[in-house]
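Structure first, then comments.
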Amino acid sequence: KMVAEVVRTCKENNTMNGYIRLIVTRGCGTLGLNPYTCDTPQIIIIADNIQLYPEELYQKGLKVITSGTLRNHPEALNPKIKSLNYLNNILAKIEAINSGVLEVIMLNHQGYVAEATGDNVFMVQGNDVITPPASAGALEGVTRNVVCMLAKENGFNVKEVNLSRYDLYNADEMFLTGTAAEIISVVEYDKRQIGNGKPGAVTEKLRNKFVEFANSTGEPIV
């Protein structure tokens, strides 16, 4: 039934190639923090167009920096919960805007890489495709999981390990993944060139495989 409602919403909004967001709420309630006053759950389906990055950056790659805003402590807010509590991310995004970049890398309380403000972080070292685990504060994004699957299917070793900034500085390639961003290369981190300073071959291969996957699976709209 949920799939049918999503398809109907896309048709109503004439969204053939866009962004879908599902919001599940407890419904209306009284003022205060007691969630049990909300007795009628609601589902909101948003179908719209979104573009986080200019198209030219998919060819040239992103420049990012480290955020001074730490990712929420995983014991305070479980990163596996996909919620609308984006204040932590918004504060980091403000840093990005004030610094003249489109994205920043957020660290956790231990100094390890967690994620970007709206995307998961990956690095490539040889035949290894590496991303931080959820325990580091990274959301287990849908696109992240698909990329891990595609990487395995195409002969790469997929690893989930804690990553430091030093690891990313010395990566062969670096890229971000997200529902809106899909897969986009990072060519400079904290003013340090990543690899040869251009989108890498592994990143481009995974991006092409992702586009093929997205266009050949799922529920047809028409």
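The long axis of helix 201-216 is offset from the longest Cα principal axis of the chain by roughly 30 degrees. Restricting attention to the chain, the count of lysine pairs at 8 or more positions apart or across chains with alpha carbons under 20 Å apart stands at 16. Between the amide H of E173 and those of V124, distances stay under 5 Å, these residues lying 5 or more places away or on another chain, with hydrogens modeled in the peptide plane.
What dipole magnitude, in Debye to the nearest 20, does the stretch 110-222 give about its Cα centre under +1 on Lys/Arg Cβ and -1 on Asp/Glu Cβ? If you can, show how the numbers build up before the last one.
Values: 10 positive and 15 negative charges, 41 e Å.
Charge dipole of the stretch 110-222: 200 debye, to the nearest 20.
The modelled label-to-label distance between N196 and E75, using points 7 Å beyond Cα along the C-beta direction, is 4.6 nm. Close amide H contacts of I194 (hydrogens built in the peptide plane, cut-off under 5 Å, sequence separation of 5 or more or a different chain): E188, Y189. The residues T66, T177, when put in order of fewest to most other Cβ atoms within 10 Å, stand as T66, T177.
Between the Cα long axis of helix 142-153 and the first principal axis of the chain there is an angle of about 50°, rounded to the nearest 10.
The residue list G61, M2, G141 was ranked by how far each Cα lies along the charge dipole of the chain toward its positive end, using unit charges on Cβ atoms, and M2 comes out on top.
Mean residue ellipticity at 222 nm, helices only, the chain: -8500 deg cm²/dmol; runs of at least 4 DSSP H residues each add -39,500 (n - 2.57), and the sum is divided by the number of residues. Extension gain, S216-Y36: 0.36 nm per intervening residue step, less the Cα-Cα distance, totals 60.6 nm. For the pair A180 and N17 in one chain, pulling the backbone fully straight at 0.36 nm per residue adds 57.6 nm over the alpha carbon distance.
Between M149 and C28, the modelled label-to-label distance comes to 3.9 nm, taking each label 7 Å out from Cα in the direction of the beta carbon. Axis of helix 87-99 versus longest Cα principal axis of the chain: the two differ by about 40°, to the nearest ten degrees.
DSSP beta bridges fully contained in the chain are about 70 percent antiparallel. With R₀ set to 25 Å, the beta-carbon distance separating N85 from Q110 gives a calculated FRET efficiency near 0.70. Put the Cα centre of the stretch 180-222 next to the Cα centre of the stretch 55-131 and the gap is 16 Å.
Which of V101, V6, V147 has the fewest other C-beta atoms within 10 Å, and how do the rest follow up to the most?
Details: V101 14, V6 17, V147 26.
If I rank by nearby Cβ atoms, fewest first, I get V101, V6, V147.
With the simple spin-label model, which puts each label point 7 Å out from Cα in the Cβ direction, the R165 to D128 separation comes to 2.1 nm. Residue order for H109, H73, fewest other beta carbons within 10 angstrom first, comes to H73, H109.
With loop defined by DSSP as not H, G, I, E or B, and exposure as at most 16 other Cβ atoms within 10 Å, which is the longest segment of the chain clear of exposed trypsin sites (Lys or Arg not before Pro)? Longest stretch, sites excluded: 83-190. About the centre of its Cα atoms, the chain shows a dipole size close to 140 debye [charges on the beta carbon of Lys, Arg (+1) and Asp, Glu (-1) only; nearest 20 debye]. Neighbours of S185, meaning other residues whose beta-carbon lies under 14 angstrom from its beta-carbon, give a summed charge of -4 when Lys and Arg score +1 and Asp and Glu score -1.
Rule-based calculations on the coordinates, nothing more; no lab input. Everything quoted here is computed from the prediction, not taken from an experiment. Here the Cβ is made from the backbone with ideal geometry for all residues, glycine too, and neighbour counts use every protein chain on show.
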